[in-house]
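Trainee: Please read through the structure below; I'll follow up with questions.
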Number of protein chains: 2
Amino acid sequence: MTIEINATHDPARRSWIESANTPDTDFPIQNLPFALFRTGDHVRGGVALGDRIVDLAALLETGLLTGTAAEAAQAAAGRTLAPLLACAPTAVSALRAELSELFREGGRGDRAALEGVLVPMASAELLMPLKPTAFTDFCTSIDHIRRMAQGAAPLAAMALPVAYNGRASSVVASGAPIVRPNGQFAAAPGSSDIRFGPEPMLDFELEFGVWLRDGNALGVPIGMAGAEAALFGCCLVNDWSARGIQFFESILGPHLGKSFATTISPWIVTMEALAPFRVAARGRGEGEPEVSAHLHDPADRSHGGIDIELTAELAGQRIVRTNLKELYWTLA
Amino acid sequence: MTIEINATHDPARRSWIESANTPDTDFPIQNLPFALFRTGDHVRGGVALGDRIVDLAALLETGLLTGTAAEAAQAAAGRTLAPLLACAPTAVSALRAELSELFREGGRGDRAALEGVLVPMASAELLMPLKPTAFTDFCTSIDHIRRMAQGAAPLAAMALPVAYNGRASSVVASGAPIVRPNGQFAAAPGSSDIRFGPEPMLDFELEFGVWLRDGNALGVPIGMAGAEAALFGCCLVNDWSARGIQFFESILGPHLGKSFATTISPWIVTMEALAPFRVAARGRGEGEPEVSAHLHDPADRSHGGIDIELTAELAGQRIVRTNLKELYWTLA
């Protein structure tokens, strides 16, 4: 399944919310990501536009949304976005089309009527959009693996996206405090002097996360042809890592060193919003095996990549700069 | 916390349900484990006694249970046992005491009034007792690790119970069909000829599972002194393993090779039922580091072990025989 480019992606489209038109905004009218937010005690779903949040529960009350678009908004109006992810993709797409129409310059949205459904982002608290039931951490960067292995990547890393199950209960939204964990670690690399105490080598990895729609039944795989349709949207991930604990414990892979916290961005950018950024999947070079038949899909090879630049900063200093299209394995 | 021996543990106590008194029953009146079961479309919690299940919803209707015992039965009367695990331990203990009294020979239970709450086990389907939100697989047998390592255990395995996060969504109750997974594996050990197809080396491990009560808040550890109180009860586990897939994929530990299914026994044996089997935790021998201070608790060292013989059979042939008290790490 390839998501088609439509009017919501038109780069010329502007919003009557002025802050959504500035060149440096993360939230132009072409994006329209979802989040769960709170003002006072009131929790509900919203969509970002410039420095505002469109309050979907309030928008529903205006009666301006109808049909499947209203159904999707209803699914996002409660205390979790889980029902939204379970919605029919066509309904979520219809809601996007309606929002784009209501809030675009020259659209049928009446500014006076709609001002009341806008919440200043600065006055809202962004929450975990839903409680994840599982969380799998894939290592899909062959460059990262080669750097760690100081040369040749293991065959398995070129044959499949190696992964481990993370701890879903420790996934938190950006801004949540991170507690430096206590644990056991070697006093020096390779030393048998094992200490217990606060982790001495705390760091984080820049990762890219995907929220899945409803899962598959146990024992019934989703083939490559259907994999793209299982993706709802994406988020940024900071994979907090206690390296001292991790290096010492790793007999069965990472565990306590990765289980104390994983931060995600509260905004879920839909796969539809990313349609204009789709590019060919990374090819295979000399000495690299072809993608195995069960992971090979012509549509995925031609459109499976995503051209998005990602950077990470620490205390204002840029420490990572990469692009999603460099990943060895596609999201599908 | 050490659970005290009480009247429910009295080895001389017999039930008026004759099948609960046979020497080979798994379900004497001293056990009283919980399960979720179905007859027709009706799902609810029950307690095993001989070849019968005490239907807790039906028992509640008789009005014979009162106070906190009735509260615990109510928590087990719905379509999941999750509320039961969240009950106050004193309430679950009160229910056990009441059940033992009602169904014991010479107790205050009126056989004629209670026959109606008994369901023949043969006519019931046992279900997953609740949907686990997480599942961690600990390797707590130092003997297993030494055998795998062909000699000395890694220092980490002697310093902490090494573990990985399993896939909670693939945990199924005994009797559920297991689908042999497809995956990638080496044609022969060490070969670079990688095949995709049905797993050629399917096996299972005999493990012992623990159901936890409500968890801790993120970043707030449970100390050893409070760990025992976090345990609700236990079950048997068969950890299905696709060895071909596992051996090939293991860069970040086990993943797909362990994620296709994990079978548990549907019965949850409470920690209270195990009280008479508590023994000293396994000690540390020559060349083995002492238990680290943060994992050391005098009560746990003196009562942390459990003396239960475990066996596994395959097609009628016994292939494993061990005892829980041999574990290097206690449940706490």
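Every residue, every condition in (1) closer than 30 Å to B:Pro189 by Cβ; (2) of a type in the set (S, T, N, Q); (3) exposed (fewer than 13 other Cβ atoms within 10 Å of the Cβ); (4) within 14 Å of chain B (Cβ to nearest Cβ), yes or no:
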| position | (1), (2), (3), (4) |
| --- | --- |
| A:Gly67 | no, no, yes, no |
| A:Ala72 | no, no, no, no |
| A:Ala76 | no, no, no, no |
| A:Arg104 | no, no, no, no |
| A:Glu115 | no, no, yes, no |
| A:Pro120 | no, no, yes, no |
| A:Cys139 | yes, no, no, yes |
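Trainee: For the stretch A:1-33, enumerate the residues that are open to solvent by less than 10 Å² (accessible area, probe 1.4 Å) and under 21 Å from A:Leu127 (Cα atoms).
Mentor: A:Leu32, A:Pro33
Trainee: Same structure, new question: Is it true that A:Leu60 is among the hydrophobic types (A, V, I, L, M, F, W, C), more than 21 Å from A:Pro132 (Cβ to Cβ), free of Cβ contacts under 8 Å to residues at least 40 places away in the same chain and open to solvent by 20 Å² or more (accessible area, probe 1.4 Å)? Step through it out loud before you land on a result.
Mentor: Numbers: among the hydrophobic types (A, V, I, L, M, F, W, C): yes; more than 21 Å from A:Pro132 (Cβ to Cβ): yes; free of Cβ contacts under 8 Å to residues at least 40 places away in the same chain: yes; open to solvent by 20 Å² or more (accessible area, probe 1.4 Å): yes.
Taking the combined requirement at face value, the residue satisfies it.
Trainee: What number of residues within the stretch A:282-291 satisfy the criterion of being within 12 Å of chain B (Cβ to nearest Cβ) and open to solvent by 30 Å² or more (accessible area, probe 1.4 Å)?
Mentor: Of the residues in that region, 3 qualify.
Trainee: Right, next: Which one of these does A:Ala112 not meet: (1) assigned to a helix (DSSP H, G or I); (2) in contact with a Ser or Thr (Cβ under 8 Å, 6 or more places away or on another chain)?
Mentor: (2)
Trainee: Give the stretch A:240-272 a look and list any residue that's more than 12 Å from chain B (Cβ to nearest Cβ) and either surrounded by fewer than 20 Cβ atoms within 10 Å (Cβ to Cβ) or among the polar types (S, T, N, Q) (or both), or say none.
Mentor: Once the filter is applied, which keeps residues that are more than 12 Å from chain B (Cβ to nearest Cβ) and either surrounded by fewer than 20 Cβ atoms within 10 Å (Cβ to Cβ) or among the polar types (S, T, N, Q) (or both), the stretch A:240-272 yields A:Ser241, A:Arg243, A:Ser265, A:Thr270.
Trainee: Something else about it: Checking the structure you have, find out if any residue of the stretch A:294-303 is within 14 Å of another protein chain (Cβ to nearest Cβ), over 30 Å from A:Gly190 (Cα atoms) and open to solvent by less than 50 Å² (accessible area, probe 1.4 Å).
Mentor: yes
Trainee: Which one of these is in the same structural domain as B:Ala281 (by TED's automatic domain parsing), crowded, with 16+ Cβ neighbours inside 10 Å and not charged (D, E, K, R): B:Met148, B:Met158?
Mentor: Only one candidate passes the filter, namely B:Met158.
Trainee: Same structure again: So, A:Val279, is that one farther than 30 Å from A:Asp10 by Cβ and either within 21 Å of the chain's Cα centre (by Cα) or open to solvent by less than 40 Å² (accessible area, probe 1.4 Å) (or both) or not?
Mentor: Values: farther than 30 Å from A:Asp10 by Cβ: no; either within 21 Å of the chain's Cα centre (by Cα) or open to solvent by less than 40 Å² (accessible area, probe 1.4 Å) (or both): yes.
When the stated conditions are applied, A:Val279 does not pass them.
Trainee: Next question. Can you tell me which residue in the stretch A:167-210 is surrounded by the fewest Cβ atoms within 10 Å (Cβ to Cβ), limited to those that are farther than 26 Å from A:Phe37 by Cα and facing another protein chain (nearest Cβ under 8 Å)?
Mentor: In this case the residue turns out to be A:Ser192.
Trainee: Any residue at all in the stretch A:252-270 that is in contact (Cβ under 8 Å) with a residue 12 or more places away in the chain, in contact with a Cys (Cβ under 8 Å, 6 or more places away or on another chain) and polar (S, T, N, Q)?
Mentor: yes
Trainee: Moving to a separate point now. Restricting to strands (runs of 3 or more DSSP E) lying wholly in the stretch B:240-332: which have 3 or more residues that are of a type in the set (A, V, I, L, M, F, W, C)?
Mentor: Output list reads B:309-314.
Trainee: Within the stretch B:316-330, which residues are more than 23 Å from B:Gly283 (Cβ to Cβ) and open to solvent by less than 60 Å² (accessible area, probe 1.4 Å)?
Mentor: The one that is more than 23 Å from B:Gly283 (Cβ to Cβ) and open to solvent by less than 60 Å² (accessible area, probe 1.4 Å): B:Val320.
The values are calculated or read from the model by the stated rules, or taken from the named source; none is laboratory data. As the structure is a prediction and not an experimental result, all values here were calculated from the model. So basically every Cβ, Gly included, is an ideal-geometry build from the backbone, and we count neighbours across all protein chains shown. We work out accessible area using only protein heavy atoms, side chains counted, and drop any ligands, DNA or RNA first. Shrake-Rupley method; radii C 1.70, N 1.55, O 1.52, S 1.80 Å.
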